[in-house]
Structure formats: C-alpha cells, structure tokens
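The values are calculated or read from the model by the stated rules, or taken from the named source; none is laboratory data. Because the structure is a prediction, the values reported are computed rather than measured. Note that we place each Cβ from the backbone using ideal geometry, even for glycine, and neighbour counts take in every protein chain shown.
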Amino acid sequence: MADQYLDTVEKGLALHPAQASTSAAQVDALFWVLVAVCAALVLTLVGLVIWFSVRYRAGSDRPRPGGIPDKLGHRIELGGAAGLTIAFIALFAWAGSLYLYLYRDPGGDLLTINVIAKQWMWKLQHPNGAREINTLHVPTGQRVRLRITSQDVIHSLYIPAFRLKRDAVPRLYTTAWFEATEPGEYHLFCAEYCGTDHSRMRGKVVVMTPQDYADWAQENGEGESPARAGERLFTAYGCSGCHRGDGTVRAPRLDGIAGRPVVLASGGTVIADGAYLRDSILLPQKHVVAGYEPVMPSYQGQIGEDEILQIVTYLQSLSPGDWITESGG
Amino acid sequence: MSEPETHYLNDGWTLRSWLLTTDHKRIAWMYFATITAFFFIGGLAALLVRLELLTPAGDMVDSDTYNKLFSAHGIVMVWFFLVPSIPATMGNFLLPLMLGARDLAFPKLNLLSWYIFTLGGLFTMTAVIAGGVDTGWTFYTPYSTLFSNSAVVLAASGVFVVGFSSILTGLNFIVTTHKMRAPGLTWMRLPLFCWANYATSLIMVLATPVLSMALLLIVLERALGIGIFDPELGGDPLLFQHLFWFYSHPAVYIMILPGMGVVSEIITCFARRPIFGYTGMVISIMAIALFGFIVWGHHMFVAGQSLYAGILFSFFTFLVAVPSAIKTLNWTATLYGGRIRFTAPMIYALSFLGLFTIGGLTGVILASLAVDIHLHDTYFVTAHFHYIMVGGMVTAYLGGLHFWWPKITGKLYSGPWSIVAALALFIGFNLTFFPQFLLGFLGMPRRYHAYPEEFQLLHVMSTLGAGVLAVGYLLPMVYFGWSLWRGKPAGDNPWDATGLEWRTTSPPPKHNFVDTPTVTGRPYDYV
C-alpha cells in the first residue's frame, strides 16, 4: 500500500526543488525576494560599470566632467549606506520572524518521532512503537515533531522538499517540526560531514494521506511506544528505586521535572532539558541537585542511546504530581 | 628603457644570499614560490574532486580518498594559499616601498615568518603523504577528535605552526605602518593597499591565537583523551565550532581585505581618477575588520545554538554587508569621468568587482535565517564562498601580480596573452561556480562523494567550467616565465601610476630608495 507513492520520487533535472510542506512556500517567497533584490543590485552595478567603461574609455574624446564634488559624494555614500541599511533591516526582520516561527518548537501534543543518527544511518521510532531505518513515513495535514540526537558524531537531518534542516548533535536533543502537504517521496539527506559514507547516509521521506499513514502505522506499530518503553526501562535499570516512591529521600522525584529549573548543589540553576537528563544518567556527578549527596552511579557503557532517548521521552511525558495521582495519594 | 645596474635581484646569486636574506623583497619571492606550489597542490585536489563529481556514483576514487581530497583542497587553499597570498607576497614586497621605508620594521622576524610558514607546510604535506586527513578544513569535533582514522594531529599541527607565521607577519606590518612612514605620509595619505594590509594584520594578530588554542585542544583530546569536546567525557562538541569560527570568520576578511586594497590601486590607476570617497573607504576597511569579529555564529544557525543567538548573529551579518557595499559603490563611482584603459590588471579588477558583489550579496541571502535553514551546508554555500575567495581574492591576487610585475621583476609581459588569461579566469570561474548556486538551492549537500542523478547535469557544467578556469591559472605561468627570461625592460613606471613604489627603479635597489622620499599630498593624484 505504501508502494503507490514510489513512482512520485523526484527524477530528472529539476530547476526548482519540490515543495511538500507548509513552510516550503514561505521560505521560497523570501528566497525569491532576496534573489530579486540581489539581482537588481548586481545588474545596477554591472550596468554602471559597462556604461562608464564605454563612455569614458581612454579612446573616447567625450568631454570629462570634473568629477563628483565632495559634498555630493558624501551624500551618495551616506544615502547608499542608509538605504541599504534600511533594506537589510527589513529583510532581516522578515527572515528572523519566519525563523522564529519555523525553528521554535510549537509546543503541544504533536505526533513526535524520535530520530537517532549514527554513522551512517537514520534510526527512527514512531509514537506507537513502529521503527524504521533511513525511511520516514509521515501523514499530510498534521504537524509532526522530530526529536533528534546522535550517538556518535554530528550529523544533520535535511529534507530539501520541506526546507528543513537540523543538526543531530551528540548529547543534545534538538527538535524540528513540519507539516507535510503533498503525498509523495522526497530525499532525506545527511548535511553535516560525518566521515566515510557521509554521502550514502541518505534515505527518503514518504508523505502519505492521514488514512494511509494510520494504516501503515497500524501494520508496523508493534511493541511499545517510546514513552512506555522508557517507563519500563526506568524500572528495569533501577532508577525508580531511588527516584520514585519512598526512595526519594536519597534522590529527587522526577515526575514533571522535564523543562523546569533545577537548583544545584553548586549554587547554580539549570533547566532540565533533554541534554541535562541525559547527562544525569551518564555523568551523574556533573550536576548534583541541591540537598542530595552525589551517590548516583554512572550508567555509561551500560545503556544504549535509544534507551536513553526512551527514558528521556518518558520523563518528558510526565507532569508534576503524576506519580502521586496514580498511586492514589 | 634600460634596467638599473644594481638592484635587489642581482645583489648576490648564491642560495645563501636567498635563504638568509632579510630583504623584504627577496622574502616576498620566497613566499611567491612556496604559495604557488601550494596553490597547484590544492588545485590538483580540486581537479580530482571535480572529475569524481562528473558521475553520480562515487566511481573514480573511493569515499575515504574523496574525503581526503576535499579536505586537502580546503586546508591547503585556506592556510597555505589564501591567508598568506597577498599580504605575504605583495604586502611584503610593497608595504615598505609604499611607505617609503628601507624594509619592514623587523627584517629578521620577517625571514623567521617564512621559515615557520614552510615548516607548517611540511607538517601538512607530511600529513597528506602519511595517508591524508579526512576532517574537512573545519576539523569539526567530535569527528576529528574521536572518530577520524586519519592524520589529524599532524595536519592540525601544521595549521597550528603556520598560525605563528601569520601572527608575526601581522605584528611586523602593524609596527611598520605605525613607525616607518616617510615624512609627510600621514595616515589619511596612505594608499588603501596599506590600510587594507594594516586591517588584515590586526585581524591576524587578534584572531589567530584563538585558532591555535582550538587546534591545541583537539590535539590534547585526541592524544591524551582530555574531555573538552567529547560528550562522553562531559565535553561540548559545539564549543569547538564557536572557537573555530571565532577565528575563521574574521579569517574570511583576512582573505578578502588585501584583495580590496589591490583593486583600489588598480582601478584608480587605469581609470586615471582619484579614488571616490577615500575617507569612506578607510572607514569601511576598519569597520569590516571590526564587525568581522561578531558574526561567527552565522555558521551555526542550524547547529543547535540558542535561537536568540542566531537572531543576533544574523543581524550583525546583515550590517557587515553595508561597508562592503559602500566599497563596491565607490569603486564604480571612481570610473565616472575617467580615461579607462583595459589592461590585464584592470580586467582582473573589474572581474573582482562583479564577482565579489555576487559573493557578498549571496552572503546576505545566507544570513537570512529562515532561508539558511534550507541552504546551509549545501552547494549554495560552496558557491558563495568561492565567489569571495576565488572570484574575489584569487582574482585580486592575479590582478595585483600583473599590476606590480614590472616593478617586481623590471620586465614587461605579453599584453594580449595576459588579457586572454584574465578573460579565461572570469568566464571559467562563472561556468564553474554559478551552477553550484542552482545545485544548492535544489538541495545538493556539500562534501558528497556520490549524489542523486538529478544533480548530474549541473555537476558536469561545473566540471567543464573548471577546465576553462585551469587555463586562466596556467597561462600566466607561461608568459610570466617568458617575461622573466626574455621580457623587455619595464622602466620605472610603465603604467604612469602614482604611489611611492613607482618612484624608485624597477627592480628597486636593495634598500628601496636612494633618497628617502617625501609626501606632500593625498594618494591617487591622477588627472
């Protein structure tokens, strides 16, 4: 059933990249305005150079003006500088505001797909547990969030048809969002040089109608969701022994901690983002929470990158007091 | 016209008289020879890269070799050609002449700079011979510190060493410009070439130490396992990018400001007009040098740095384009009412004007945050910086070489052939790099050994253009060689140019001037 999308893959010489997300047209509009402004400036300059070159060539006996008077010259320079500055600030404001809209996580309960990059493949996991490698199935008409990290070097997830790119940085969890519009197949590239097979770290994005996506997810969604798996791992690795229930005299409770400020024993405060949670699992001595002894052992070498991401996903799915409610207290 | 009987070139013929010379003009020649060799090594690597990209499959060399080729191309071209190109050769030769001085302030230090440069070059060449380095010229961590199996430490050491050569040259130029100007040569009477080299020197002295430190940290992490960038050891991989670009963005201006200086000299001479808006030009040069230090984060818009940092870096990047735009406006306005002669240097200078403008304005497109998300790390970026580095700096370098060749050697070269070479460069350059803008917009990532089929036609166009470009590079070797051997004597001032360097003989005597010249007016006293 996914096969019906295969024949729409980009082929032949394109002169314009496919537009397959809501942001593609917005980015292109800005791009073409920028190109038009730049082309106008270049053509003006080249036009003047050619005009002066012909008119004032050494062989021409046309009378020469005595040069531009100083005062007028200063006006031309300052006028040019002021005009360009105003134009540039306008373009900056347009590009910056669009960036804020596109780059900032919209928040809310989006379809969130976990992405782990490694030399040289993309490993993806959908909320219903479906896993895939180098292929990303997504529905149209719905905002999708990617939660991206890397388990080795820096990579960069690039989907030209969505005008979307985000570096996959080890330790960090970056997010990106898009809303696909056109069913079909599109390139998925690694855009940050990552070693031998960088140019083969490619895949495809399959954009499907919501119904087809639901069917696809149903067929492939085996096992647990990442959050559910994280909850299981949280117990299996023994985290819950100290961080949940009666153990919390030795360690801080973790329900609802994600995204909130944490006061440290060293006096500072950090926001408990994905990188903080990950560090706390692998390098527990790095940020010791105020009021607790540095007794937690490191899990370095004992836990996989995908498992860490599942635990982080689980912790980020919790709200303050979740554990109290479920234990009936 | 005849040559002077004694000059710096016939003052001793032994190898020792060259290798132990403290004459800035001879040291300039030693740099010419060394960087020309590096240019052709870097060019050969580029040629192999372009040949591989003729077909979508990676079939000419294997992926590791391809990665080493583009890394060698970048490392050699940036640190062993572009950074030293104009300052170490023409700057070295001309700065004392233009200032009316007998030599640079510290002649022995100048010689030491060349030895350090050559030593750094040997390190890097050893790295290439010892199997190559595959990190790209950017050495991004943690790839460079933990994952690469290539000669990273050797290559980074080479770049580390060569940095000291930059710092010492910069120091020498700054002191010379401050202390050794001829009587009457006030700051606002300095030729723009001197201003450009002065600003470049400031950047070299202030920015290079940060690069040296970053490279040292790479070596420490790689060799000793100290956790600085490696997240497994609690390090931060993005820290390296901040340190690297804190040097390497200002270094972009090291690689363009001297070219701006050269072009200012050429355009005034062949338009027979004083430069339009001298004061504005000086302010622009210094503003570019200053603003260059606060835009490094525009290399990291999608790297995971803070959203608001991205906004600020974008804003400053737009602003740094303004002084550059003023300079192009002023060069154009200088042509107004002139008597323009289309010699080879002038064709190079006008090519620079057009290509640099395209390079600069595509930089503005890349500074536009939302668009950069799409274009970052694609061929659009490759095309953009080649328009600045090659279309700008290499064109200016060749222009300057053609302009001052008669002064440096005392000989003339073929007028028609040099015009052919200048036009081949302009045409070949555009054929090579314009298609890369299209490739980037279509989504073709950089540093790809193999690529999807729909990009092939544009890659073929680019590679064919590189063939024309190669003619533009090789032809000058032929007629310059002929000129050295059989060229007619040039006379002191064949272009009828102003500037103190033209007031002495060609080639100049060992100590530049028989009598110390005095300056009574502003530069570019044409008409």
Failed item in (1) part of a helix (DSSP H, G or I); (2) more than 10 Å from chain B (Cβ to nearest Cβ), with A:ASN114 passing the rest: (1)
Per-region count, region B:416-456, residues within 17 Å of A:LEU188 (Cβ to Cβ) and of a type in the set (Ser, Thr, Tyr): 2
Among residues of region A:25-68, those that are facing another protein chain (nearest Cβ under 9 Å), part of a helix (DSSP H, G or I) and of a type in the set (Gly, Ala, Ser), counted: 2
Residue satisfying all of: in region A:281-308; under 23 Å from the mean Cα position of the chain (by Cα), surrounded by 13 or more Cβ atoms within 10 Å (Cβ to Cβ) and within 14 Å of chain B (Cβ to nearest Cβ); farthest from A:VAL115 (Cα to Cα) among these: A:ILE308
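Would you pick out the residues in region A:180-189 that are under 16 Å from B:LEU442 (Cα atoms) and more than 7 Å from chain B (Cβ to nearest Cβ)?
Correct list: A:GLU185, A:TYR186, A:LEU188.
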Residues of region B:474-508 satisfying the condition of being of a type in the set (Val, Ile, Thr), farther than 19 Å from B:PHE193 by Cα and outside any helix (DSSP H, G or I): B:THR505
The lone exception for B:PHE380 - which of (1) under 17 Å from the mean Cα position of the chain (by Cα); (2) more than 9 Å from chain A (Cβ to nearest Cβ) it fails: (1)
Answer residue from region B:458-473, given it is among the β-branched types (Val, Ile, Thr) and farther than 24 Å from A:PRO160 by Cβ and is surrounded by the most Cβ atoms within 10 Å (Cβ to Cβ) among those: B:VAL468
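Given the structure, is B:TRP195 farther than 30 Å from B:PHE123 by Cα and out of contact with any helix residue (DSSP H, G or I) (no Cβ under 6 Å at 6 or more places or on another chain)?
No.
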Search result, residues across region B:439-457 that are surrounded by fewer than 21 Cβ atoms within 10 Å (Cβ to Cβ) and either among the hydrophobic types (A, V, I, L, M, F, W, C) or more than 14 Å from chain A (Cβ to nearest Cβ) (or both): B:ALA450, B:LEU457
Filter pass, A:VAL263 being of a type in the set (A, V, I, L, M), part of a strand (DSSP E or B) and away from chain B (no Cβ under 14 Å): yes
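For residues in region B:229-270 being outside any helix (DSSP H, G or I) and not acidic (Asp, Glu), which is nearest to A:PHE52 (Cα to Cα)?
B:ILE256
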Odd one out for B:PHE240 among (1) within 13 Å of another protein chain (Cβ to nearest Cβ); (2) under 30 Å from B:PHE352 (Cβ atoms): (2)
Pairs with Cβ under 7 Å, 6+ apart, first in region A:210-223 and in contact (Cβ under 8 Å) with a residue 24 or more places away in the chain, second in a helix (DSSP H, G or I): A:TRP216/A:ALA2
Flag if B:ALA271 is at the interface with chain A (Cβ under 10 Å from one of its Cβ atoms), touching a residue at least 60 places away in the same chain (Cβ under 8 Å) and more than 30 Å from B:PHE244 (Cα to Cα): yes
Pairs with Cβ under 8 Å, 6+ apart, first in region B:463-490 and under 23 Å from B:PHE434 (Cα atoms) and free of Cβ contacts under 8 Å to residues at least 60 places away in the same chain, second assigned to a helix (DSSP H, G or I) and of a type in the set (Ser, Thr, Tyr): B:GLY465/B:THR432; B:VAL468/B:THR432; B:LEU469/B:THR432
Which listed residue, of A:GLY245, A:GLY238, A:GLY223, is over 15 Å from A:HIS126 (Cβ atoms), touching a helix residue (DSSP H, G or I) at 6+ places or on another chain (Cβ under 9 Å) and exposed (fewer than 15 other Cβ atoms within 10 Å of the Cβ): A:GLY245
Unique residue being in contact with a helix residue (DSSP H, G or I) (Cβ under 8 Å, 6 or more places away or on another chain), at pLDDT 95 or above and among the β-branched types (Val, Ile, Thr) when the list is B:VAL263, B:VAL252: B:VAL263
Selected residue (criterion: farthest from the other protein chains (Cβ to nearest Cβ)) from residues of region B:295-333 that are of a type in the set (Phe, Trp, Tyr) and in contact (Cβ under 8 Å) with a residue 24 or more places away in the chain: B:TRP296
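Condition (residue is basic (Lys, Arg), out of contact with any Asp or Glu (no Cβ under 9 Å at 6 or more places or on another chain), surrounded by fewer than 18 Cβ atoms within 10 Å (Cβ to Cβ) and within 30 Å of A:THR140 (Cα to Cα)) applied to region A:260-272: is it met by at least one residue?
no
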Any hit, region B:119-136, residues being in contact with a helix residue (DSSP H, G or I) (Cβ under 8 Å, 6 or more places away or on another chain), within 14 Å of chain A (Cβ to nearest Cβ), surrounded by fewer than 24 Cβ atoms within 10 Å (Cβ to Cβ) and among the aliphatic types (A, V, I, L, M): no
Residue, surrounded by the fewest Cβ atoms within 10 Å (Cβ to Cβ), within region A:192-216, restricted to residues that are facing another protein chain (nearest Cβ under 10 Å) and charged (D, E, K, R): A:ARG200
Number of the condition not met by B:SER264 [criteria: (1) crowded, with 23+ Cβ neighbours inside 10 Å; (2) within 14 Å of chain A (Cβ to nearest Cβ)]: (2)
